[in-house]
Amino acid sequence: MAVEQHLEQGVLTLQLHRPDKKNALTRAMYSTLASALDAAQDNPEVRVILLTGGSQCFTSGNDLQDFLQGGALAEDSPVFHFMRALFDCGKPVVAAVAGPAVGIGTTLLLHCDLVYVSADAYLQMPFVTLGLCPEYGSSLILPRLLGMQRANALLLLGEAFSGEQAAVWGLANAALADGPQTLAHARQQALRLAEQPAQALALSRQLLRAEQREALRARIHEEGRLFAERLQSAEARTALLAFLQRRKQAVSC
Ligand code: COA
């Protein structure tokens, strides 16, 4: 299974498991994640969701092969279903990030309640480099959180940054020494959240998110529309093919 699920002590762990492709997300994986998040809403045994890729790699983002071969992205595409399910998730979500967290691997963190990273995690949003555009609210949240210049460097140049840097900037709650420690700490914090009074927790999450909620929902929708358009562009198709071509050459060398 490319997404493993495990419920213990009120914490539902969703673990990406596609190590040969650095946990790149396929349409099937988005669907599984979205269904699991939706099902968690109605399951009183689930108090908290822990999202992780294990101690080596969070995710290399959307599967680039899927981008090339998957056809046009429609409103009901699995990736948009996943984005909506996480955005509207009624239970707190904790992320444990080690290794690469690229593309949606970084932007999804903006919608988690608590984020723990390994100091040497590799975060990057190379949308423009791939001929695409920012997604999942990143064009709204990042300038507010980091200031326009830093957001420009991350989104226009696709500059990569470490887990340590993410914690300094406030994109993560803390940077831990390595992958196993990150997982252990995130799990401990998830268990702490699971012990909080559930109704007070749910209400407080709503209050904390209320201010920019509808503006953010509208931006996510607009970014999604433009992203889907960009995906069909010659710029994007050339960039995606170039990445996959480079991989083939590397393998045959
Ligand atoms: N989609 C599909 N396959 C991917 C992938 C992706 N997003 N990211 C990595 N892979 C595959 C590689 O093609 C390679 O497969 P192969 O061994 O069959 O050739 C395998 O995963 C390992 O990747 P590799 O690049 O060798 O790992 P690395 O540790 O050197 O680098 C990354 C890891 C994540 C930094 C690098 O793979 C990368 O930049 N991937 C693309 C990320 C991306 O652009 N995502 C989309 C953003 S919108």
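The values are calculated or read from the model by the stated rules, or taken from the named source; none is laboratory data. Keep in mind that this is a model prediction, so the values were computed, not measured. Here Cβ is always computed from backbone atoms with ideal geometry, including for glycine, and neighbour counts include all displayed protein chains. Just so you know, the surface numbers come from the protein's heavy atoms only, side chains and all, with ligands and any DNA or RNA stripped out. Shrake-Rupley method; radii C 1.70, N 1.55, O 1.52, S 1.80 Å.
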I'd like to know if the range 147-154 contains one or more residues that are part of a helix (DSSP H, G or I), crowded, with 20+ Cβ neighbours inside 10 Å, within 18 Å of the chain's Cα centre (by Cα) and within 16 Å of the ligand (Cβ to nearest atom). yes
Pairs, first at positive phi and among the hydroxyl-bearing types (Ser, Thr, Tyr) in the range 117-143, second near the ligand (Cβ under 8 Å from one of its atoms) and not in a loop (DSSP other than H, G, I, E, B), C-beta under 8 Å, six or more apart: Tyr136/Ile104
Could we say that Gln181 is open to solvent by 40 Å² or more (accessible area, probe 1.4 Å) and in contact (Cβ under 8 Å) with a residue 24 or more places away in the chain here? yes
Conditions: (1) within 16 Å of the ligand (Cβ to nearest atom); (2) surrounded by 19 or more Cβ atoms within 10 Å (Cβ to Cβ); (3) not in a helix (DSSP H, G or I). Ser55 meets all but one. Number of the miss? (2)
Does Arg230 count as part of a helix (DSSP H, G or I), within 16 Å of the ligand (Cβ to nearest atom) and either under 22 Å from Pro78 (Cα atoms) or touching a Cys at 6+ places or on another chain (Cβ under 8 Å) (or both)? yes
Output yes when any residue across the range 25-48 is in contact (Cβ under 8 Å) with a residue 60 or more places away in the chain and either over 18 Å from Leu108 (Cβ atoms) or open to solvent by 70 Å² or more (accessible area, probe 1.4 Å) (or both), and no when none is. yes
May I ask you to say which residue of Ala186, Ala166, Ala215, Ala172 is part of a helix (DSSP H, G or I), under 17 Å from Gly103 (Cα atoms) and touching a Leu at 6+ places or on another chain (Cβ under 8 Å)? Ala166
Of all residues being closer than 26 Å to Ala234 by Cβ and of a type outside the set (Gly, Ala, Ser) in the range 84-105, which is farthest from the ligand (Cβ to nearest atom)? Just the residue, please. Ile104
